[in-house]
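Worksheet for the structure shown next.
Taken together, the values in this text are just the output of simple stated rules run on the coordinates, not laboratory data. The model shown is predicted, which means the values in this text are computed figures rather than measured ones. Every residue, glycine among them, receives a Cβ derived from its backbone with ideal geometry; neighbour counts consider all protein chains shown.
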């Protein structure tokens, strides 16, 4: 019997290594919520007007992993948002806010995918309303913040109000913080950089973010900034939110905006859907330095 | 019946009975004359026609010995043979003892890799390193590649020990990240995958390895592509006894647990008899034993007594008729450790320990048809899952997973002056890499890749006379990759696929101009490599991959390359103490499928598929020699100069691409005009006595780009004069082995010099220098078998707890201790 034990062990070993299972896929479900607070299918909204979409998603047995929002304006398709996520329980209920563009008709398509790559979509059409509804903006002409090793200036900025706090004073305002700045060398280049609390690498310079229960994600349009598509003069002349909305290119955005040198203008969109522009008045290129910015943001 | 016939029958019966009853028995024991320790596996031959081999206690028995005077000879490699005249009377038992005197020789070491057949190392005009059972048993290696770390001129790149999901072994100034330039074989069949040229060094349990043969320098004249820089052949064990096995379990650092099982049986007739018919010492019948303390009398570095590596014998050859099998299994798991730098840990809240879990099982079966003729099959199944240190949502986080199956069949026959060998192989690897990370949002995608390599290898050796050995053969191989990056958090699926077919024909003549003194070897091989069915394309791209849309190519051009790989070498042995050699050869390698047909993100930029990349060539001039001093100290020196033409290298195209977070440079693997490599290796080996062995080595290489032409005239970067990356400037090692009656002890100390970190040889932000720093490691192993049944094995890797880092600043495991206990049956 003793001589058989190794054989039995080996057979058990081979059996244990030979098993694998695969779960079947299922189809997710996506619905547009209705009600007075949401834009209705077929309604007319003037350019610049606010669109609010209520989305309810269930994964259909798999985790919800992707939500895509596309706007087809007069036949031109733009992906407004393409977000990865992992929601394995409870589904997703969210309200999305956008601004009506100039097109005669806008068809909005909302697509969802689950962890089995099964997809579902829903769409609605928004007609063009009369007149213009471009909104008012707030202007903060000078906000001075410290880079990561600057101990005299505040670091954490509320782009809506233009307020800024340092580490000692930010307690209670974490949910208001949209932006911070740091300086580093990347790919051999000196880079004053804008970031937001939700961007994972920001923890390198501001470890405090890891303890915040709310970490806002602000998306910066690096393409427009890198290519100077919005000049300082255009920033200075903006009187409503038209430039703020139309300058923002959702296909080239990140929670990190490198090379925010003096004179750059960076379009952004905050976590609550407000569009804005940051003009870099002055950016030091040293970790103990500071950055002075001007902000225009939708009211 | 007539009375006369009855009388005659009675007389014959009496005479015959007398003859039968006159058979006696010879028993005895063979020991080492120096310390009296018993010697195992000594061939004790009666009258040169039959005999026995000694067992564990050094004892032997030969029955049915006719009465009279007989000659009894005891012989084993590493000891001087002894003969005795034995008088057997009647049916009695005669007891004879031998005390053999050690003989410090190494000329009898035999390898099969250099010439695709058995050759004495002393006759091979190249620098060869042979790691035999004794050397392997003394190395505290958790993986097969780690056994090679102290071989001069070799560069083992395994950043995280057993937690590394990939590793590479290169040699002689070639980049440490390019496994494709060194051919790796298991039992003579290649295991470099056509996809990336890489080798799954985790595939094989180190306990399965009997010996490793390393032949440095181009071997394309025999093996074609991949052998451009050299060859490594891993020879696995065969069963030696009627029934034997071993079960072990071990525990180590980072909560590492492992268990092994081995079971083998050999039914070969005459397995323990030595006669002219069965005397072929290449039967490999003594290779699975555990080395007993004090029993491992191995004067030379590599062959252990009983290793059956006598001159002119292919270790794969068999003797009597019979079936054999050997089963092996390994399970290993570990909680692992955090590999990432403190900088990365601060930046990423999702970092976790890089853990691992793996299984490997193998079955070797064979049938010895007759002396010199056998058929053998091998099947290996391997599965692993290794965490790469980041977990966001998936159950195991970022992982790599290999499901690998390898099958090999070999038929070999030896008749008179002719030896023929045919091998079939099939290697399938299903590779899965789970990638998940949180940046702006959550990204999750799986890399799924099916890689298949198969082929038929054949060789024929013919010795028409005492001076000539002709070797010829053909190799037919096919390799393919069918891969996809399947995104789960966006709609993208990125496909790449391709095939590489190759056919090689070779001929080599080894001519003894002056027998046993001056040999000339000339070889030529022609290879045809065909790239087919290449494709790279994307389905339903999102912002994650849409930037690759303009480089899609669903129908890449088929390309065929041909290459001649010649070799000319001379080997001169003016005296038994001195050997000199010189060689000139050229190797070649076509690009790997991954570079031909896959585009994707790489560190520092974006890699563009280049289906137009041509083969690269390496021309090597080499000279060296060995000298034996005072009968024991062997000194070896080799120097080489290589030029790499059309060298495949990552080059900046001058363009950039936005991969979703700003512009990044586009790199492409392409042929650069000229690379020069100069190097030298020196070794000392000193067997103090049969129990103590000392060895030391030093290697130096200087690899520089001599000719560079930017792909884009606007590209300001000129790499001319820059050093190749990932090549240690110098290596050194010291090894010691001491086998005494209490324990077998082995120690290896290794120094690895600085390596350039990037192509431009400029400051690297992660490393904090333009070069990886030098470091020293010391490894140790202690083992012992108690009561012939219980084995204990203590391994300590990196005793000094030296920290060394990879290109991402990730750190090695540091000191790693394992204790393994086993039961032998």
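The C-alpha atoms of chain A define a longest principal axis, and helix A:5-17 lies at about 30 degrees to it.
Compute the semi-axes of the equivalent ellipsoid of chain B, taking the square root of 5 times each eigenvalue of the Cα gyration tensor, and list them largest first in whole Å. All intermediate terms of the calculation are to be shown ahead of the outcome.
On the way: eigenvalues 526, 162, 135 Å².
With the √(5λ) rule applied to chain B, the semi-axes are 51, 28, 26 Å.
In chain B, helical runs assigned H by DSSP with n ≥ 4 each contribute -39500 (n - 2.57); averaged across all residues and rounded to the nearest 500, the mean residue ellipticity at 222 nm is -1500 deg cm²/dmol.
How much of the pair distance distribution for region B:610-714 lies past 16 Å, counting alpha-carbon pairs only, in percent?
On the way: 3863 of 5460 pairs.
In whole percent, the long-distance tail amounts to 71.
Region A:126-151 and region A:219-233 have Cα centres spaced 14 Å apart.
Once the gyration tensor of the Cα atoms in region B:110-236 is diagonalised, the equivalent ellipsoid follows with semi-axes of 20, 18, 13 Å, ordered largest first. Its alpha carbons considered, region B:529-657 gives a radius of gyration followed by a Dmax of 23.0, 74 Å.
Out of every Cα-Cα pair in region B:19-100, what percent are more than 23 Å apart?
Values: 576 of 3321 pairs.
The share of Cα pairs beyond 23 Å in region B:19-100 comes to 17 percent.
Shielding value for B:338-345 is 1, the average number of Cβ atoms from other chains within 10 Å of each residue's Cβ.
Report the rotationally averaged projected area of region B:776-825 based on its alpha-carbon convex hull, in square nanometres. Let's see the in-between values first.
Working: hull surface 17.1 nm².
That works out to 4.3 nm², a quarter of the Cα hull's surface.
Region A:244-299 and region B:155-178 have their alpha-carbon centroids 44 Å apart.
For region B:23-137, the relative contact order works out to 26 percent when only alpha carbon pairs closer than 8 Å and six or more residues apart are counted.
Coordinate range of the alpha-carbon atoms in region B:479-558 per principal axis, descending: 71, 24, 17 Å. Averaged over peptide A:79-85, the number of partner chain Cβ atoms lying within 10 Å of each residue's Cβ comes to 5.
Which whole-angstrom value gives the distance between the alpha carbon centres of region B:195-255 and region B:595-674? Centre-to-centre distance over Cα atoms comes out at 24 Å.
If neighbour count is taken as other Cβ atoms inside 10 Å, put A:64, B:234 in order from fewest to most.
Values: A:64 24, B:234 28.
Going from least to most buried by this count: A:64, B:234.
For region B:110-236, what is the percent of antiparallel DSSP beta bridges, rounded to the nearest 5? Once the DSSP bridges in region B:110-236 are tallied, antiparallel ones form about 85 percent.
Contact order for region A:137-298, expressed relative to its length and based on alpha carbon pairs under 8 Å spaced 6+ residues apart, stands at 29 percent. Extents of region A:29-128, taken as max minus min of Cα coordinates on every principal axis and listed largest first, are 39, 28, 16 Å.
Sorted by mean Cβ packing within 10 Å, highest first, what order do the peptides B:213-222, A:196-205, B:607-616 take? Walk me through the intermediate numbers first.
Working: B:213-222: 27.5, A:196-205: 22.0, B:607-616: 19.6.
Output ranking for B:213-222, A:196-205, B:607-616: B:213-222, A:196-205, B:607-616.
Plainly put, region B:383-527 has a radius of gyration that is 1.25 times its Kirkwood radius, both from alpha-carbon atoms, as the Rg/Rh ratio.
Partner chain Cβ atoms within 10 Å, averaged over the residues of B:241-252 - can you pull that number for me? Kindly include the intermediate steps, with their values, before the conclusion.
On the way: counts 0, 0, 2, 0, 5, 1, 4, 0, 0, 0, 0, 0.
Per residue, the average neighbour count from other chains is 1.
Give me the Kirkwood hydrodynamic radius of region A:137-298 in Å, from all C-alpha pairs, to one decimal place? Could the numbers behind the result be given before it?
On the way: mean 1/r = 0.0655 Å⁻¹.
By the Kirkwood definition, the hydrodynamic radius is 15.3 Å.
How far is helix B:3-21 tilted, in degrees, relative to the longest principal axis of the Cα atoms in chain B, given as a value from 0 to 90 rounded to the nearest 10? Result, in degrees: 50. Overall size of region B:722-825 from C-alpha positions, given as principal axis extents largest first: 59, 23, 22 Å.
So how do A:278-284, B:773-779 stack up, highest first, on mean other-Cβ count within 10 Å? It would help to have the intermediate numbers written out before the result.
On the way: A:278-284: 20.6, B:773-779: 17.3.
Result, highest mean Cβ count within 10 Å first: A:278-284, B:773-779.
By the count of neighbouring beta-carbon atoms within 10 Å, fewest first, B:396, A:155, B:165, B:70 end up ordered B:396, B:70, B:165, A:155. Of the peptides B:358-368, B:46-56, the order by per-residue mean of other Cβ atoms within 10 Å, starting with the highest, comes out as B:358-368, B:46-56. How are the Cα pair distances of the protein assembly as shown distributed, in percent, across 10 Å bins from 0? P(r) over the protein assembly as shown, rounded to whole percents: 2, 9, 16, 20, 17, 12, 9, 7, 4, 2, 1, 1, 0, 0, 0. DSSP assigns beta bridges within chain B; of those with both partners inside it, close to 95 percent run antiparallel. As a rough footprinting exposure proxy, the listed residues A:221, B:626, B:539 were ranked by other beta carbons within 10 Å of their own, and the order from fewest upward is B:539, B:626, A:221. Over all Cα atoms in chain A, the spread is summed up by Rg and Dmax: 24.0, 93 Å.
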